[in-house]
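Structure first, commentary second.
Readers should treat all values here as calculations from the given coordinates under stated rules, not as data from a laboratory. Source: prediction; values computed, not measured. Positions of Cβ are generated from backbone atoms using ideal geometry, with glycine treated the same way; all protein chains shown enter the neighbour counts.
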Amino acid sequence: FKSIPVIMGDLHFGYIPFTKKPSSKRVKETNSRLCQHDTFAKAAIECCAFENLPVKQQQHIENDSSSVKGRTVKDFLPPELCENFPSWAEQNHLNDIKDDYGWFELTSMAVD
């Protein structure tokens, strides 16, 4: 469990080698789902692309469910995390990969 922050932490898309990255479309779909959760919105640079996405907070602040309503990814993101997002996205080909034919077969979900 101590490794979870390393695996699911700040730059998970950036750790994937270029030849094994999924398509930009798949990344956008996946990150738009993940960034709805406050834990990802707080730490994943990928969430900088979804600043206006509503967040489903896992832990209510002071048990006040009204504090969750109307909050977006931008409310959770540390401002400094997104400062270099455009260059990070370009360096990691976030929007460049058009096709990921066979990508699923390279994942842990593949069946022999």
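Quick notes on this one:
- Long-range HN-HN contacts of His37 with modeled amide H, under 5 Å: Lys56
- Nitroxide proxy distance, nm - points 7 Å out along Cα→Cβ at Lys98 and Lys28: 1.4
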